[in-house]
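Below is one structure, written out as structure tokens, with a few remarks after it.
The numbers here are math on the coordinates, done by the rules we state, and not lab data. Keep in mind the model is a prediction, meaning the values are calculated, not measured. Ideal geometry is used to build each Cβ from the backbone, glycine not excepted, and the neighbour counts take in all protein chains shown.
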Amino acid sequence: MERKDLDIKGLLIIFLATTLFFFGYQAYLILFAPKETPKQAQQQTQELPKEVPNLLLGSGREAQKPQHIKTYDFEKFRISVSEEGARLVSIYDKKYKRELITEEEKKYGIYPLELFTGDPSTDQLLNFSRYEILQEGNRIRATLKGEKLQVVKTLEYKGDYFKLELRVEGIPKPFVLAGMRVKEDEFYTHAGPVLKIGDEVQRLEVKDLKGKELITGDIKFAGEESRYFFKGFAGSLQAVAIYRVGEGQDSLMAVKGENLLFYAGAKEYARLRNIGLSDVLDYGSLKLLVKPLFIFMHWIYEHLHSWVISIFVLTLLVRLLMFPLTYKSTVAMSKMSELAPKMQELKEKYKDDPVKFQEEMMKLYAEAGFNPMSGCLPILLQIPVFFALYKVLTITADLQLAGFLWVHSLAEKDPYYILPLLMGATMIAQQFISPSPERTQNYMMIITSVVFTFLFANFPAGLVLYWTLNNIFNLGQTYVIKRLTGTGKKPQPQKKKDKKK
């Protein structure tokens, strides 16, 4: 069956090629695309290398474990502060039930809120001397008085974040440590240093860092991020120091600045938006589509308090917007069924002349008013929405807590693979309600459905739920259109013609 006409098989090839292109493009961006390194960082590292303080790693600090610890319980967080250095040795996010101080930080004995001036003896004194720590309501005040210096750290709980006020005497303004990123399943998202310089958010790869990096400029925020969590500072940041530690797989960040806002917790949009840190969310290369889609879904969630309903509303809205195209596509497929007998005749007549066969097919399409692309266009237009939603569901921390029947988290895969199987079944069902006149095309679509079932098996359950609902709505639309237009009964005359033959 050699021919070059643009029929259903061609449309299927276009759809699969486009899908593979988007998957390939995303994989390229994740795995191979060159990462940006801030120009300011490169310039300032060369000009001011001595400004990056040493963290005293390998100097025996690892063995100096915190001994005197005080724990403070707030509404959303529970923190523990060691009297030695007034350091945060535990930060527990109650809502997400996650400890944000990593095992690596405990191993190295290096914790958030440590201070570094660049002078080893001074830094040893600042981070391992015992502070006097007092609680005043939502404020924790830690004071260190020495012969030639005085340090007062005031950490104030503000609901979604902490405000850090630092007053020092007898020493230069120090760097304050933010800590290391929370370890979790990254699922092809960025993990490592992230900062905003001017209006540009920059995400650095740990493997591209040298031993120590210094970044200066108009820095709005800086910290260490993982898929769902962020630890860092915002405010008037004068400089950011980034360290590559361990076997080169981890990084630490410290900042120097005024009016510091310290955030350690989930990258929940409602929290970040209220404190001007919404840019911490990684919208990816499709930001122009992902961000408005995310905000729309979050708006529904805020009003209806259900991510499942949010996904349902989005799916319904997409299907309503696609209805005119779906209508044209269904009618076009019906016309294709009507043309099947004539197509078979042309195929037999010009079986040895594929060029002439294609010309006659184009004439046949024009006479019947059939547009081959109309059957594929609705699917092609949904692909960007699909990938945008894919990104939304991989960065939305709230989805960790959103379940659906047997699925405990929409951000994770279906543990029993019921949704992927249901999705595959609805894809196959579409072939029965709107079959192609050629059996080979139906077989190809069924094989494609099976492939997609395996492909989606490890995708976030929320994404599979969207595609399943989309298939169900599409089945309903196709059924209604066929009932209204009566096109569902038109393939019957083909059998009569076959009998005459």
How would the range 290-366 be classified by its alpha-carbon gyration tensor: rounded, prolate or oblate, with rounded meaning a/c under 1.5 and the a/b versus b/c comparison settling the rest? prolate
Read phi for every residue in the range 348-357 and hand back ³J(HN,Hα) as whole Hz from Karplus 6.51 cos²θ - 1.76 cosθ + 1.60, θ = phi - 60°, with x for Gly and Pro. 5, 5, 10, 5, 9, 9, x, 5, 5, 4
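Could you work out the relative contact order of the range 35-282? I mean the mean sequence separation of Cα pairs under 8 Å and 6+ apart, divided by the number of residues, in percent. Intermediate results must be reported in sequence, preceding the final value.
On the way: 568 pairs, mean separation 42.3, N = 248.
With pairs under 8 Å counted, the relative contact order is 17 percent.
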Calculate the FRET efficiency for Ala366 and Tyr417 from the Cβ-Cβ distance with a Förster distance of 56 Å, rounded to the nearest 0.05. 0.75
Say each of Thr143 and Leu304 gets a label point 7 Å from the Cα, pointing the same way as Cα to Cβ; how far apart are those two points in nm? 5.5 nm
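With the Cα gyration tensor of the range 35-282 giving a ≥ b ≥ c as the square roots of its eigenvalues, does the rule (a/c under 1.5 for rounded; else a/b larger than b/c for prolate; else oblate) give rounded, prolate or oblate? All intermediate terms of the calculation are to be shown ahead of the outcome.
Values: a/c = 1.43, a/b = 1.12, b/c = 1.27.
Rounded, since a/c falls under 1.5.
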Report ³J(HN,Hα) in whole Hz for each residue of the range 298-305, in order, from the Karplus equation J = 6.51 cos²θ - 1.76 cosθ + 1.60 where θ = phi - 60°; Gly and Pro get x. 5, 4, 4, 4, 5, 8, 10, 6
